[in-house]
Amino acid sequence: MGDVETGIDKEKQRAIYRASLDPEPSCEGCAIADRCRHHCACLNYSLTGKMHEVAPVQCEHERILIPIADELAARLYERKSARFLLNYRDDPLD
């Protein structure tokens, strides 16, 4: 994508970004595919050696973590936690 001598090649950067938007075939039909971190190229590369390949351990981690995060969010919302609700205002500039 570039180097310290010549800088970032914008076209290569755009191509990598566009490729990151493609749906991951192994995630097809997954109920949480739109919420998990399977699009993180750095994490994918770190775990599999490929930017666009999700490691099974990452998939399982997300399947475990997201329901826990949802439960915690529900509890914080129910308690009307000011810090939590601050992140979910309709207009953050109000």
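The values are calculated or read from the model by the stated rules, or taken from the named source; none is laboratory data. Since the model is a prediction, treat every value here as computed from it, not as a measurement. In this analysis, Cβ positions are derived from the backbone assuming ideal geometry, glycine residues included, and neighbour counts consider all displayed protein chains.
Could you run through the stretch 3-45 and say how many residues are in contact with a helix residue (DSSP H, G or I) (Cβ under 7 Å, 6 or more places away or on another chain) and free of Cβ contacts under 8 Å to residues at least 24 places away in the same chain?
Number satisfying all stated conditions: 3.
Test residue 39 against the stated conditions and say whether it is surrounded by 10 or more Cβ atoms within 10 Å (Cβ to Cβ) and at pLDDT 90 or above. Break it down stepwise before answering.
Details: surrounded by 10 or more Cβ atoms within 10 Å (Cβ to Cβ): yes; at pLDDT 90 or above: no.
Criteria not met by residue 39.
Across the stretch 10-34, what is the total count of residues that are surrounded by 13 or more Cβ atoms within 10 Å (Cβ to Cβ), modelled with pLDDT of 80 or more and either on the phi > 0 side of the Ramachandran plot or assigned to a loop (DSSP other than H, G, I, E, B) (or both)?
Within the stretch 10-34, residues that are surrounded by 13 or more Cβ atoms within 10 Å (Cβ to Cβ), modelled with pLDDT of 80 or more and either on the phi > 0 side of the Ramachandran plot or assigned to a loop (DSSP other than H, G, I, E, B) (or both) number 3.
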